[in-house]
Amino acid sequence: MNKVKSFIIPIFLIILAVAVSYSNLTGSFFEQDEWHSFGYYTYLSSLNGPEFFQTILKNDPLAHFTPLSLFFKMEFYRLFGLNSSAYFFASITFHILVSLTVYFLALKLTKKRLPAILGGVFFAINSSHYQAVTWLGTFEGAELSTFFGLLSILGFLIFLDMKKKIFLGLSMLSILIALLFKETALTFLLLLVVLIILKETGKSKAYTLLKLGGTLLLYMLLRSSYLIFGSRGESVITQESSNTFLMTGYNVLTLPIKVFSQVLLPNEFMVDITNKATTPPGLYQYFGKGPWILENALRYDFLMIPVGLIICSVLFLISRRLSFKSPFYLGLLTIFFTLLPFLVLKKYLIYFDSRYLYTATVGFSLIITAITAYFINGRKYTGVIVAVLVIIFSAHVISLRDTVNNHVSLGDLRKQILSKIAYDNPKLPKRVVFYTESDTAYYGLYDHEKILPFQSGFGQTLLVYYQQNEQYSHKFYKDFFLWEIGEQGYRETDGRGFGYYRDLDLLKNDLKQYNIPTDSVIAYSWNSKANTLTNTTEQVRSRLSNE
């Protein structure tokens, strides 16, 4: 009975931690890239086998290659359509699986249950990587690549203990699956290589490396499949910069320091402090005389780099006394390998998008496991460690719940807008043109570009939203029609027409050009102060007819 309890209780605690942190998330809604993806899936579903692969494969060996993410999301969209709650429930479930795998890996490395639980809970409630869970555009790639990457490490460690080749085979299969979900699994591939070199000896090491080499060869063959199908996809366009050396140097010097403060502390909280801070004297005034975003970014670095240095110094002092060094150094390697691809990017990486911190948080969770195991085992400063962890964990939960609640509020607003339009217009005419007016320019647009509170083109959002009932031709989605946030225009195909406008003069010209009657126009006006959407169809039609 005690063994059953010791197995179930940690699982229950981690599930509870995720549930408390993300309990409201299922009430949120789609943000940005999801609408683009849904339209793209509609187009892909219309293609036959060869055309399908020719379209999805990019004509470049360095392009993103995430086939399992694509197949998973396409099937999920086919099953659940625009039921956003189903996507969020799946994302939360995947996050629980990853958190549990972090716990089991920490337990495997330390054989100490309480420190492993703390490491797993830290990962589960960490707010700095929230996008990996809340952003439905990439959730399956971020979470499942990490899950299978962790399984590959765990499988290899079990293989070392039990010497059963089935676990080595499962480890190789897991790393292949992880890479096919998202290339960020490179972190776990490099960890696997290090473990093989350090833990294996003689012929066994050569055999394992050969097996891993075969796995990578299969992966590279799959990546090169565009040569077989004759890809029609676009190649990757790289932008050269005259400041490449300066950018690379800045990233190499600062990222390995900042990442510790970005993961250990609630990143959104630190950003909020940065935004509210007054202008620092001296260096900031000299270097920070640029656009608003550069000035705020420099403020951010002036806060995060010193904090990161303090954290690194503390970790260095503690590391010399640790009794469980494996999870500590494995955690450091995980963080370093996560950063490695970003160090050579030709842009200043001042603020990391939180989804990229998902694997780095795995590393910090292992570090926390090692540190807490040391203090609990030695019974030194236990009260201080408990107090520090309570403060950090509580701050993450508060920050995460606040972030999730903001997502839900914005999601509710977007759902209300789309629901009202669909309620007023349950059936669209064969040729329809939507026209919207707004009093606000959102998301950094110029003041004259007033839009509704959607992060991508509202025209394509409406097109996708009506797709299930109207069954528009896949040709509407071929080249991401109306996807850009400010895009306007009209298209006809297979006897149907669809358009979206914000500019009344452009709408007038296109109504004449395409000979569209004013009765095809559906119009709404958005008031951001009252958060109300008003049906102005009759008024706009009258204006169009009289001018």
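All of the numbers you see were taken from the coordinates with simple rules; none came from a lab. All of these numbers come straight from a predicted model, not from anything done at the bench. Don't worry about glycine lacking a Cβ; one is built from the backbone with ideal geometry, like all the others, and counts go over all protein chains shown.
Please give the FRET efficiency for Asn535 paired with Lys163, using the beta carbon to beta carbon distance and R0 = 56 Å, rounded to the nearest 0.05. The partial results should precede the final answer.
Values: r = 71 Å, r/R0 = 1.27.
E between Asn535 and Lys163, to the nearest 0.05, is 0.20.
Work out, step by step, the length gained on full extension between Asn406 and His448: first 0.36 nm times the residue separation, then minus their alpha carbon distance; give nm to one decimal. Provide the component values of the computation, followed by the final result.
Numbers: separation 42, 0.36 × 42 = 15.12 nm, distance 2.63 nm.
Gain on extension, Asn406 to His448, equals 12.5 nm.
Please report the antiparallel percentage of the DSSP beta bridges confined to the chain, to the nearest 5. Display every interim value, and only then the final one.
On the way: 9 of 20 bridges.
Rounded to the nearest five, the antiparallel share is 45 percent.
Count the net charge of all other residues whose Cβ sits under 15 Å from the Cβ of Tyr472, scoring Lys and Arg as +1 and Asp and Glu as -1.
On the way: positive: Lys427, Lys430, Arg431, Lys475, Lys478, Arg491, Arg496; negative: Glu470, Asp479, Glu492, Asp494.
Summing Lys and Arg as +1 and Asp and Glu as -1 gives +3.
Given just the C-alpha atoms of segment 1-115, how large is their convex hull per residue in cubic angstrom?
Details: hull volume 20.0 nm³, N = 115.
Dividing the Cα hull volume of segment 1-115 by its residue count gives 174 Å³.
Can you tell me, using C-alpha contacts under 8 Å and at least 6 residues apart, the relative contact order of segment 399-547 as a whole percent? Write out the running numbers ahead of the final one.
On the way: 184 pairs, mean separation 38.6, N = 149.
It comes to 26 percent, rounded to a whole number.
For segment 2-405, what's the relative contact order in percent, using C-alpha pairs closer than 8 Å and at least 6 residues apart? Mind showing how you got there, number by number?
On the way: 512 pairs, mean separation 99.0, N = 404.
This gives 25 percent for segment 2-405.
What whole-number distance in Å separates the alpha-carbon centres of segment 479-547 and segment 101-171?
Here the two parts' Cα centres lie 50 Å apart.
What's the extension gain from Ile318 to Leu114 if we count 0.36 nm per residue and subtract their Cα-Cα distance? Kindly include the intermediate steps, with their values, before the conclusion.
Numbers: separation 204, 0.36 × 204 = 73.44 nm, distance 1.91 nm.
Gain on extension, Ile318 to Leu114, equals 71.5 nm.
Counting other C-beta atoms within 10 Å, which of Glu143, Glu51 has the fewest, and how do the rest follow? Could you put the intermediate results ahead of the total?
On the way: Glu143 25, Glu51 13.
Taking fewest neighbouring Cβ atoms as first place, the list is Glu51, Glu143.
How far, in degrees from 0 to 90, does helix 358-378 lean away from the longest principal axis of the Cα atoms of the chain, to the nearest 10?
Rounded to the nearest ten degrees, it is 30.
Pulled fully out, how much extra length does the chain show between Leu309 and Ser545, if you take 0.36 nm times their separation in residues and subtract their Cα-Cα distance? Before the final figure, lay out the partial values.
Numbers: separation 236, 0.36 × 236 = 84.96 nm, distance 6.65 nm.
Once the chain is fully extended between Leu309 and Ser545, it gains 78.3 nm.
Where does helix 382-424 land angle-wise versus the long Cα axis of the chain, in degrees 0 to 90, nearest 10?
Helix 382-424 sits roughly 20 degrees off the main axis of the chain.
If the label point is 7 Å along Cα→Cβ of Glu487, which residues in segment 383-417 have backbone nitrogen under 19 Å from it?
none
Label Leu389 and Phe89 with points 7 Å out from Cα along Cα→Cβ: what is the distance between them in nm?
Reported label-point gap for Leu389 and Phe89 is 3.3 nm.
Can you list the equivalent-ellipsoid semi-axes of segment 425-546, largest first and in whole Å, using the square root of 5 times each Cα gyration tensor eigenvalue?
Working through the eigenvalues yields semi-axes of 22, 18, 14 Å.
Calculate for the chain the 222 nm mean residue ellipticity that helices alone would give, adding -39,500 (n - 2.57) per DSSP H run of length 4 or more and normalising by residue count, nearest 500 deg cm²/dmol.
Result for the chain: -21500 deg cm²/dmol, rounded to the nearest 500.
Per-residue HN-Hα couplings for segment 495-509, Karplus 6.51 cos²θ - 1.76 cosθ + 1.60 at θ = phi - 60°, whole Hz, x for Gly and Pro?
x, 10, x, 8, x, 8, 9, 10, 8, 5, 5, 5, 4, 4, 4
Once you charge only the Cβ atoms, +1 for Lys and Arg and -1 for Asp and Glu, what is the size of the charge dipole of segment 2-405 about its Cα centre, to the nearest 20 debye? Write down the numbers at each step before the final one.
Values: 32 positive and 19 negative charges, 395 e Å.
So the dipole magnitude of segment 2-405 works out to roughly 1900 debye.
Does a label point 7 Å from the Cα of Lys430, set along Cα-to-beta-carbon, have any residues of segment 478-513 with amide nitrogen under 15 Å, and which are they?
Residues 492-498 qualify, since their backbone N sits under 15 Å from the label point.
For Ala523, enumerate residues with amide H under 5 Å from its amide H, sequence gap 5+ or separate chain, H modeled in the peptide plane.
Tyr435, Thr536, Thr537
Sticking with the crude label model, points 7 Å out along Cα→Cβ, report the distance from Glu51 to Leu343 in nm, one decimal please.
Result: 4.6 nm between the two label points.
With everything on Cα atoms, drop me the angle between helix 67-80 and the longest principal axis of the chain, reported from 0 to 90° to the nearest 10.
It works out to around 60 degrees.
Summarise the long-distance tail of P(r) for the chain by giving the % of C-alpha pairs beyond 43 Å. All intermediate terms of the calculation are to be shown ahead of the outcome.
On the way: 39201 of 149331 pairs.
Cα-Cα pairs of the chain separated by over 43 Å account for 26 percent.
What is the spin-label model distance, in nm, from Leu221 to Ala206 if the labels are put 7 Å beyond Cα along the C-beta direction?
2.4 nm
Which of the residue pairs Lys3/Lys164; Lys211/Lys325; Lys73/Lys475; Lys478/Lys508; Lys73/Lys508 have a Cα-Cα distance greater than 32 Å in the structure shown? Don't skip to the end; give the middle numbers.
Numbers: Lys3/Lys164 24 Å; Lys211/Lys325 28 Å; Lys73/Lys475 20 Å; Lys478/Lys508 26 Å; Lys73/Lys508 39 Å.
From the list (Lys3/Lys164; Lys211/Lys325; Lys73/Lys475; Lys478/Lys508; Lys73/Lys508), the Cα-Cα distance tops 32 Å for Lys73/Lys508.
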